[in-house]
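Working notes, structure below.
The values are calculated or read from the model by the stated rules, or taken from the named source; none is laboratory data. Remember, predicted model here, so these are calculated numbers, not experimental data. Methodologically, a virtual Cβ is constructed for each residue, glycine included, from the backbone with ideal geometry; neighbour enumeration extends over all protein chains shown. Calculation scope for accessible area: heavy atoms of the full protein, side chains included, ligands and nucleic acids excluded. Shrake-Rupley method; radii C 1.70, N 1.55, O 1.52, S 1.80 Å.
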Amino acid sequence: TSIAEDFLWLEEALLITPVSFPDRVKAVTVAEAEKASRKLRENLKLGIAPIESLVRLLESSGAVVITGHLAEDAPFDGLAGWAGASRPVIYINSNRSTDRTRYNLAHEFGHLYLDCDDLPEKERENIAHRFAAALIVPREAVEHELGGPRRNLSLDELGLLKRKYGLSVQAWIRRAYDLELINNHLYRNLYVELSTRGWRK
């Protein structure tokens, strides 16, 4: 809290006019979260290209991003809230892999941007997860990279996509499944192989 307060005080002292955060969008289903992510990308003129820096994207959208290097086994990824009535603040545990940190940033972005406050916590989390994955890799990019429904998909191929987009192999598997580009059988087999290789941890 004190870091955010110091940041806002410095901003005011330097007469810096803060950027207005995008208006919140109502989303009570994962489909609406997907749609909201696409609309946000359009408004920010991101196209379907990989996002180079989510921190820069958030800050240029008016959010205050604070990182803390917590213990490796700390059961905490991040949180989001509001300073005053209109200034969004995100705190992220930076002691995570790069792709995990990117995903956590996008997830907290979803909590700030999507209006689903009346839903149970589990549903809010599912919606934020869907938004995060869609923000990092939009549907059109997934379809372009995978070329439509797949009968086979290798972890090595997904590893290349991980490096290109900054989304973990595990999240790529889930993304392909959510968009119905792989069936349940292949989805489960990929997770088994992921566990066998020790990549889930």
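Conditions (1) touching a residue at least 12 places away in the same chain (Cβ under 8 Å); (2) surrounded by fewer than 17 Cβ atoms within 10 Å (Cβ to Cβ); (3) in contact with a helix residue (DSSP H, G or I) (Cβ under 6 Å, 6 or more places away or on another chain), marked per residue:
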| position | (1), (2), (3) |
| --- | --- |
| A71 | yes, yes, no |
| A80 | yes, no, yes |
| E108 | yes, no, no |
| C116 | yes, no, yes |
| E125 | no, yes, no |
| A128 | yes, no, yes |
| F131 | yes, no, yes |
| P149 | yes, yes, no |
Scanning the range 151-165 for residues that are in contact (Cβ under 8 Å) with a residue 12 or more places away in the chain, assigned to a helix (DSSP H, G or I) and open to solvent by 50 Å² or more (accessible area, probe 1.4 Å), the one farthest from R96 (Cα to Cα) turns out to be K164
| message | Take the conditions closer than 20 Å to R197 by Cβ, crowded, with 19+ Cβ neighbours inside 10 Å and among the polar types (S, T, N, Q) and apply them to S168. Does it pass? | response | yes
request  = Test S86 against the stated conditions and say whether it is polar (S, T, N, Q) and touching a strand residue (DSSP E or B) at 6+ places or on another chain (Cβ under 6 Å).
outcome  = no
**Boolean, I173 is open to solvent by less than 60 Å² (accessible area, probe 1.4 Å) and closer than 20 Å to A33 by Cα** = yes
Residue hits (the range 82-134; modelled with pLDDT of 90 or more and in a loop (DSSP other than H, G, I, E, B)) are C116, D117, D118, L119, P120
The condition from (1) open to solvent by 50 Å² or more (accessible area, probe 1.4 Å); (2) under 24 Å from V142 (Cα atoms); (3) part of a loop (DSSP other than H, G, I, E, B) that L46 misses is numbered (1)
Within the range 33-43, residues being touching a residue at least 24 places away in the same chain (Cβ under 8 Å) and open to solvent by 50 Å² or more (accessible area, probe 1.4 Å) number 1
Checked against (1) open to solvent by less than 70 Å² (accessible area, probe 1.4 Å); (2) modelled with pLDDT of 95 or more; (3) part of a loop (DSSP other than H, G, I, E, B), G198 satisfies every condition except (2)
Has the range 139-147 got any residue that is over 28 Å from L58 (Cα atoms), modelled with pLDDT under 95 and not aliphatic (A, V, I, L, M)? yes
*over 19 Å from N43 (Cα atoms), out of contact with any strand residue (DSSP E or B) (no Cβ under 7 Å at 6 or more places or on another chain) and β-branched (V, I, T) - does that describe any residue in the range 117-135?*
no
Exactly one of E52, E72 is more than 30 Å from H144 (Cβ to Cβ) and assigned to a loop (DSSP other than H, G, I, E, B), and that residue is E72
